[in-house]
1. Which members of the stretch 223-251 meet the condition of being in contact with an Asp or Glu (Cβ under 9 Å, 6 or more places away or on another chain), among the polar types (S, T, N, Q) and surrounded by 19 or more Cβ atoms within 10 Å (Cβ to Cβ)?
2. Within the stretch 375-397, work out how many residues are part of a helix (DSSP H, G or I), touching a Ser or Thr at 6+ places or on another chain (Cβ under 7 Å) and surrounded by fewer than 20 Cβ atoms within 10 Å (Cβ to Cβ).
3. How many of the residues making up the stretch 220-251 are closer than 25 Å to Asn362 by Cα and in contact (Cβ under 8 Å) with a residue 60 or more places away in the chain?
4. Cβ-Cβ distance below 6 Å, separation of 6 or more or different chains: which pairs start in the stretch 252-269 with a residue that is at positive phi and in the same structural domain as Ser80 (by TED's automatic domain parsing) and end on one that is within 14 Å of the ligand (Cβ to nearest atom) and of a type outside the set (Gly, Ala, Ser)?
5. Residue check: is Glu311 part of a helix (DSSP H, G or I), acidic (Asp, Glu) and closer than 22 Å to Ile62 by Cβ?
6. Which of the residues spanning the stretch 235-288 are over 16 Å from the mean Cα position of the chain (by Cα), polar (S, T, N, Q) and under 24 Å from Gln321 (Cα atoms)?
7. Could you tell me whether the stretch 143-157 includes any residue that is open to solvent by 30 Å² or more (accessible area, probe 1.4 Å), free of Cβ contacts under 8 Å to residues at least 12 places away in the same chain and not in a loop (DSSP other than H, G, I, E, B)?
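The values are calculated or read from the model by the stated rules, or taken from the named source; none is laboratory data. If you're wondering where the values come from, they're calculated on a predicted model, not measured in any experiment. For neighbour counting, all protein chains shown are included, and Cβ atoms are generated from backbone atoms with ideal geometry for every residue, glycine included. For the accessible areas, the whole protein counts, side chains as well, though only heavy atoms, and no ligand, DNA or RNA atoms are used. Shrake-Rupley method; radii C 1.70, N 1.55, O 1.52, S 1.80 Å.
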Amino acid sequence: MNKTTSLEEEYRELVKKIYRLLDDDEFQRAVKIASYNAQIKVHEVLLKNPSIKELAREVEEIKKKVIRNLEQYVEDVLASFKRVGIRAYYAETPSEAREYIGSIVGKEKKIVLSKSMVAEEIQLRRYLEDLGNQVWETDLGELLVQLSGTKPMHSIAPAIHLSKKSAIRVLRNKLGLVVDEDDSVEKVVALVREKLRKVFLKADVGVSGANSIAVDTGAIFIVENEGNARLVTGLPEKHIVVTGVEKIVPTTIDALKVALVQSAYAGPFPPSYINIITGPSSTADIEHKRVYGAHGPRELHVVLINNGRIEASKHSILHNQLRCIRCGRCQFECPVFRHTANYWGGPVYGGPMGINWTAITNSIESATILSLLCLGCRRCDATCPVRIPLTDIIWYLKKKYMNTIGVT
Ligand code: SF4
């Protein structure tokens, strides 16, 4: 099959899938409700906290500065990690990252994960399961995705495609919870909490992502609301952070700014928790001698992943996407995403940002076909907190596709 035919075949499959989704009333209703609620929430947050928009301008500039010199920042942050007792690894590819993590974890271990799109990007859960480990997603949405065998449908709200009834069915059938479809969400959440508490206590390793990481101190910022990331990063003997190199910022204050802007544009603001981690747990309470492994993890590992990001930082237009703080706002604003969720946009990331992230982490060619379904309405551009010209990048990909099929 030549290149054009295989792209056309992919496009036909995508369109067929979307037709099936359009006929799925439950899916359409669930994504519509989630998008609407998220839009209202973010609107209220920004009205009540006008200073967030100024902070977003600052984050935009901070990110631009880092992207212009990304390789140097990677070197600097790796040195900072070493200074504070963090074991750091730089992975060029997803397979290198998986191997590092596999060797830290070992086999037949109990692993708890807190939601991470980078872990999805490198197919980490499947890899760790294949090594013979027991792996639990602990974010409720991500747990539903794991149990239902689907993929995350939004960067911060992975289970938006499931209605309350479907979610309850999944938890009853796959997790053995004694719940009825008409039970309250409060009851369901309480039962999941009870179940996962036992899992947290027995876990050997916790794996998390990161929202931002600071060069000056090696501080790792993780934003969350459920409290699962606190347990994932605090209870097991080992904590592994897996994240992309674009999360680096120069200072700890910059990292806090990213966390605040990300949470405001995601909706729940201020978030219940902003975790700041700067090394394995330790104490110096006896004779002022530093000993690692107090109540928290004895070991802290960070796996920094490139997977196309450094190349993108030098690309004439793709470099803009690296400013993305993964708030997911552009997805909820997109009229196409509201009918497809992450089924459109790429194998991992979805919607407008997903197309562009696919070009970075997969290949430009694989993203070109996805760009064809973009309407060019520019709602994503208008709502992105760090003013990424999403539509211009998508337009670049459309032109690439036209070149591939010989239309210039
Ligand atoms: S592209 Fe902008 S709006 Fe979309 S997820 Fe990234 S930062 Fe948020």
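1. The answer is Asn228, and nothing else.
2. The number of residues fulfilling the criteria is 1.
3. Result for the stretch 220-251: 9.
4. These pairs meet every condition: Gly267/Val42.
5. Answer is yes for this residue.
6. Across the stretch 235-288, the qualifying residues are Thr251, Thr252.
7. No, there is no match, as no residue in the stretch 143-157 is open to solvent by 30 Å² or more (accessible area, probe 1.4 Å), free of Cβ contacts under 8 Å to residues at least 12 places away in the same chain and not in a loop (DSSP other than H, G, I, E, B).
To keep it simple, each residue is scored yes or no on (1) of a type outside the set (A, V, I, L, M, F, W, C); (2) in contact with a Ser or Thr (Cβ under 9 Å, 6 or more places away or on another chain).
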| position | (1), (2) |
| --- | --- |
| Leu175 | no, no |
| Val185 | no, no |
| Leu191 | no, no |
| Gly206 | yes, yes |
| Ile213 | no, yes |
| Glu237 | yes, no |
